[in-house]
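Asker: Sharing a structure, written as structure tokens. Questions coming.
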Amino acid sequence: MKQLLLSLLLFLSLQLTYGQVVINEYSCSNITGPSDAYGQKEDWIELYNPTAASIDLTGWYLSNKSSNLTKWMIPSGSVASNGFKMVYCSKRDLVNGNEYHPNFTLSQTDGDWIILSNTFGNVVDSFKIVHLTK
């Protein structure tokens with residue numbers, strides 16, 4: 001019983017430690033939305049930190065495929081408390097100032113995902129991309 005309780009406590013503490021950043025919004029058809037630092041209207045993901053503390057994302061992962069949770073490792077950066085982080089899915093594979101540019105794009109194809117994983121490769125948040133029509 002003690003071991004089960006300890007395991008549950010460890011699981012909950014990991015969820016509290018790594019479950020703060022969420023996928024807030026996304027666009028896989030950016031026509032009139034924000035432009036990146038290069039002046040391009042790339043597909044984008046907005047991450048949000050609802051906590052009162054800054055969260056370091058160095059070593060975390062972003063992916064668009066459920067079969068590859070560690071597709072792009074975030075090399076550096078953080079999300080300020082109650083702050084947002086823009087991710088422009090441009091295939092540039094870099095961090096430019098406050099913008100992330102992973103090595104993939106988004107599409108409205110069935111089966112594509114937006115997945116945020118922590119340094120251990122555990123999924124913190126995920127969202128299945130849904131094709132929206134007018």
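Asker: Please work out which residue is surrounded by the fewest Cβ atoms within 10 Å (Cβ to Cβ), limiting yourself to the stretch 54-81 and to residues that are in a strand (DSSP E or B) and free of Cβ contacts under 8 Å to residues at least 24 places away in the same chain. Don't jump to the end; show me each part of the working.
Answerer: Narrowing the stretch 54-81 to residues in a strand (DSSP E or B): 55-56, 61-63, 72-73, 78-79.
Now drop any that are not free of Cβ contacts under 8 Å to residues at least 24 places away in the same chain, which leaves 56, 73.
Numbers: ASP56: 13, MET73: 16.
Among those residues, the one meeting the criterion is ASP56.
Asker: Restricting the first residue to the stretch 99-124 and requiring it to be touching a residue at least 12 places away in the same chain (Cβ under 8 Å), which pairs with a second residue that is among the aromatic types (Phe, Trp, Tyr) and assigned to a strand (DSSP E or B) meet a Cβ separation below 6 Å and a spacing of at least six or different chains?
Answerer: These pairs meet every condition: GLU99/TYR88; HIS101/TYR88; PRO102/TRP72; ASN103/TRP72; ILE114/TYR26; ILE114/PHE127; SER117/TYR61.
Asker: Still on this structure, please answer the following. Please go through (1) loosely packed, with under 13 Cβ neighbours inside 10 Å; (2) of a type in the set (S, T, N, Q); (3) at pLDDT 95 or above for THR133 and return the number of the only condition it doesn't satisfy.
Answerer: For THR133, the failing item is (3).
Asker: Another question, if that's okay. Among residues belonging to the stretch 2-26 that are over 11 Å from MET86 (Cα atoms) and at pLDDT 85 or above, point out the one that is surrounded by the most Cβ atoms within 10 Å (Cβ to Cβ). Before the answer, list the steps.
Answerer: First, the residues of the stretch 2-26 that are over 11 Å from MET86 (Cα atoms): 2-22.
Next, only the ones that are at pLDDT 85 or above stay: 20-22.
Values: GLN20: 18, VAL21: 22, VAL22: 14.
Looking at the filtered set, the residue picked out is VAL21.
Asker: Same structure, new question: Taking only the stretch 92-116 into account, find how many residues are surrounded by 21 or more Cβ atoms within 10 Å (Cβ to Cβ), at pLDDT 95 or above and not in a strand (DSSP E or B).
Answerer: Counting residues in the stretch 92-116 that are surrounded by 21 or more Cβ atoms within 10 Å (Cβ to Cβ), at pLDDT 95 or above and not in a strand (DSSP E or B) gives 1.
The values are calculated or read from the model by the stated rules, or taken from the named source; none is laboratory data. Values in this document were obtained by computation on a predicted structure and should not be read as measured data. Don't worry about glycine lacking a Cβ; one is built from the backbone with ideal geometry, like all the others, and counts go over all protein chains shown.
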